[in-house]
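Take a look at the structure below.
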Amino acid sequence: MIGMIGSGSWATALVKILLERDGREVNWWVRDEETKEKILREGHNPRHLPEARLDASRLHVSTDLAEIIGASSHLLLAIPSAYVHQVLSVLPKDAFRGKKITSAVKGSVPDCVTSVSIYLQECFGVNKEDICVASGPSHAEEVCREMPTFLTLASSNKALADEMAGMLHCHYLHTNTTVDIDGVERCGLMKNIYAIAAGICQGLSYGDNLNAVLTAAAMREMHNLLDHNLPFPDRNIYDSYYMGDLVVTCWSRHSRNRALGEAVAKGERPADVFARTGSVAEGYYSVKNLHMLAVKHNMQHVVPIAEAIYSILYEGADPKNTMEHLIDTAF
């Protein structure tokens, strides 16, 4: 039995995908009883992707996290990175013993300044061979409309990646696999930061010409950091789970990170944006963690775009002056 931890848009989209397999049942943890009751009664998530129809007869929905974990051999984790530690920290250290876990979290754990896979290993003793990472490009809104979508499952355990790819494959969701789990997870963190930069450029009305150059520069920066910090001999940075995920997050109207950048360029504070939209942008937390990593390893020069976004979001730097400096020096 497979269990879903999370009840946001991406978690809901993944539940929809899992239910495409005839006869499959899914355990699903959600935060509150109201959401649980409405899902079971009405066959959709009232808070996120309400247009996605779900066969409630094959859903076992609960607000008891330990119950869902205990009843599932495979777990999909799709909580916003900002809440991962808050949700999971109530569990005993052996909660995931014997479980296979796939992280669909595209960001780092703020309280622990680490990736989700490392967090699971360090805080819960999960073997790396039992961890998988899911990567896009894959917007939940397009999954809901059954538009062609591509998902990559990354694990150092190829058999696990293949197993999860098979579980998630359906007529509109195409899957492939890689063993570069560290690179895929790091790219999932970084692409959100660059989407904030793209949004700032959009908010400053710089136009498509600059956005194209920014995307190319972000691609180069991401590649340089991976080679510097996480080398992998067979990595092809132009594969969809690296380059494709970056492009869609920087350019899509569905991107929360891009929307955050646009709002910040127009003078809004991130906290006010989150309060107005009722959602978070993963890149806001990821850029702080990446900055701390860069300082620790003395490699700020490797990630000038990310450092610029950090200075805007956390140090109050002026967006226009900061982006103009980048244009002169980094692009």
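The values are calculated or read from the model by the stated rules, or taken from the named source; none is laboratory data. This one's a predicted model, so the numbers in the text were calculated from it and none came from an experiment. For neighbour counting, all protein chains shown are included, and Cβ atoms are generated from backbone atoms with ideal geometry for every residue, glycine included. Quick note on the areas: whole protein, heavy atoms, side chains included, nothing else; ligands and nucleic acids left out. Shrake-Rupley method; radii C 1.70, N 1.55, O 1.52, S 1.80 Å.
Quick notes
- When residues of the range 90-108 are limited to those that are under 17 Å from Gly6 (Cα atoms) and open to solvent by 60 Å² or more (accessible area, probe 1.4 Å), the one modelled with the lowest pLDDT: Val90
Here is a yes/no grid of residues against (1) open to solvent by less than 20 Å² (accessible area, probe 1.4 Å); (2) more than 22 Å from the chain's Cα centre (by Cα):
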position: Val30; (1), (2): yes, no
position: Thr35; (1), (2): yes, yes
position: Glu42; (1), (2): no, yes
position: Arg47; (1), (2): no, no
position: Pro50; (1), (2): no, no
position: Thr63; (1), (2): no, yes
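- Taking the numbered list (1) over 16 Å from Ala11 (Cα atoms); (2) open to solvent by 60 Å² or more (accessible area, probe 1.4 Å); (3) modelled with pLDDT of 95 or more; (4) part of a loop (DSSP other than H, G, I, E, B) in turn, Asp111 passes all entries but (3).
- The single condition among (1) in contact (Cβ under 8 Å) with a residue 60 or more places away in the chain; (2) among the aliphatic types (A, V, I, L, M); (3) in contact with an Asp or Glu (Cβ under 8 Å, 6 or more places away or on another chain); (4) under 25 Å from Tyr83 (Cα atoms) that Val302 does not satisfy is (4).
- Unmet requirement for Ser138, which otherwise passes all of (1) in a strand (DSSP E or B); (2) open to solvent by 10 Å² or more (accessible area, probe 1.4 Å): (1)
- Filtered residues of the range 68-101 (kept if of a type in the set (Phe, Trp, Tyr) and in contact with a strand residue (DSSP E or B) (Cβ under 8 Å, 6 or more places away or on another chain)): Phe96
- Residue-level analysis places Tyr194 outside the set of residues that are aromatic (Phe, Trp, Tyr) and free of Cβ contacts under 8 Å to residues at least 60 places away in the same chain.
- Tally of residues being in a helix (DSSP H, G or I), open to solvent by less than 50 Å² (accessible area, probe 1.4 Å) and either under 15 Å from Val287 (Cβ atoms) or touching a helix residue (DSSP H, G or I) at 6+ places or on another chain (Cβ under 9 Å) (or both) across the range 241-261: 11
- Filtered residue count, the range 202-215, keeping only those that are in a helix (DSSP H, G or I) and not hydrophobic (A, V, I, L, M, F, W, C): 6
- Looking only at the range 166-201, residues that are open to solvent by 10 Å² or more (accessible area, probe 1.4 Å), of a type in the set (A, V, I, L, M) and either modelled with pLDDT under 95 or not in a loop (DSSP other than H, G, I, E, B) (or both) come to 2 in all.
- Residue check for Tyr314: among the aromatic types (Phe, Trp, Tyr), over 17 Å from Gly203 (Cα atoms) and in contact (Cβ under 8 Å) with a residue 12 or more places away in the chain: yes
- Scanning the range 141-165 for residues that are assigned to a loop (DSSP other than H, G, I, E, B) and either open to solvent by less than 10 Å² (accessible area, probe 1.4 Å) or closer than 20 Å to Arg53 by Cβ (or both) turns up Arg145, Glu146, Met147, Pro148, Ser155.
- Of all the listed residues (Val133, Val109), the sole one being aliphatic (A, V, I, L, M), touching an Asp or Glu at 6+ places or on another chain (Cβ under 6 Å) and within 28 Å of Leu214 (Cα to Cα) is Val133.
- Among the residues listed as Ala271, Ala294, the single one being farther than 30 Å from Gly8 by Cα, in a helix (DSSP H, G or I) and not polar (S, T, N, Q): Ala294
- Just one residue in the set Gly125, Gly70 is open to solvent by 10 Å² or more (accessible area, probe 1.4 Å), among the small types (Gly, Ala, Ser) and over 29 Å from Glu20 (Cα atoms); that residue is Gly125.
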